[in-house]
């Protein structure tokens with residue numbers, strides 16, 4: 001199945017660690033239209049908020065069911081899996097994405113140190 005990632009899981013090493021096995025494929029750059037990346041309320045991590053005319057850059061990749069379960073555990077109960085349509089280099093695709101339970105209106109600014117620490121602690 002295809003997933004779209006836009007935060008800590010963009011890093012291939014972090015993704016492999018959280019998914020339970022190294023990711024040997026090359027994630028494909030993709031864009032999710034109609035959303036913006038914002039802070040999750042009460043946290044320093046990103047989530048998505050609907051925003052017509054906006055878009056979020058990330059990557060699309062294939063995972064198996066076991067990897068998806070592990071990624072759900074990493075994302076925690078604060079994130080749900082949603083089905084979206086996105087545009088990748090190879091064309092339009094349907095994919096799954098993790099969306100947090102309480103999006104703010106504050107644009108998310110990546111903090112590489114925080115993202116690395118979060119994925120290493122899992």
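So for each of 56-63, 101-108, 11-18 I average, over its residues, the number of other beta carbons within 10 Å; can you give me the resulting order with the highest mean first? Display every interim value, and only then the final one.
On the way: 56-63: 20.0, 101-108: 13.9, 11-18: 18.2.
Per-residue mean Cβ counts within 10 Å order the peptides as 56-63, 11-18, 101-108.
With 0.36 nm allotted per residue and the present C-alpha distance subtracted, the residue 83-residue 33 stretch has 16.7 nm of extension available.
Here P(r) over Cα pairs in 10 Å bins from 0, in percent was computed from the coordinates, and among [x] 14, 44, 27, 12, 3, 0; [y] 13, 44, 34, 9, 0; [z] 14, 49, 34, 3 the match is [z]. When peptides 42-52, 83-93 are ranked by their average number of other Cβ atoms within 10 Å per residue, the highest-first order is 42-52, 83-93. With the simple spin-label model, which puts each label point 7 Å out from Cα in the Cβ direction, the residue 94 to residue 12 separation comes to 2.9 nm.
Go ahead and collect, in residue order, the members of the stretch 84-105 whose backbone nitrogen is under 14 Å from a label point 7 Å along the Cα-Cβ direction of residue 26. Under 14 Å, as judged by backbone N against the label point of residue 26, lie 89-90 of the stretch 84-105.
Every read-out reported here was derived from the displayed coordinates using simple, explicitly stated rules and does not represent laboratory data. Note that this is a predicted model, so its numbers are computed, not measured. Because the Cβ atoms are built from the backbone with ideal geometry, glycine has one as well, and the counts that use them run over all protein chains shown.
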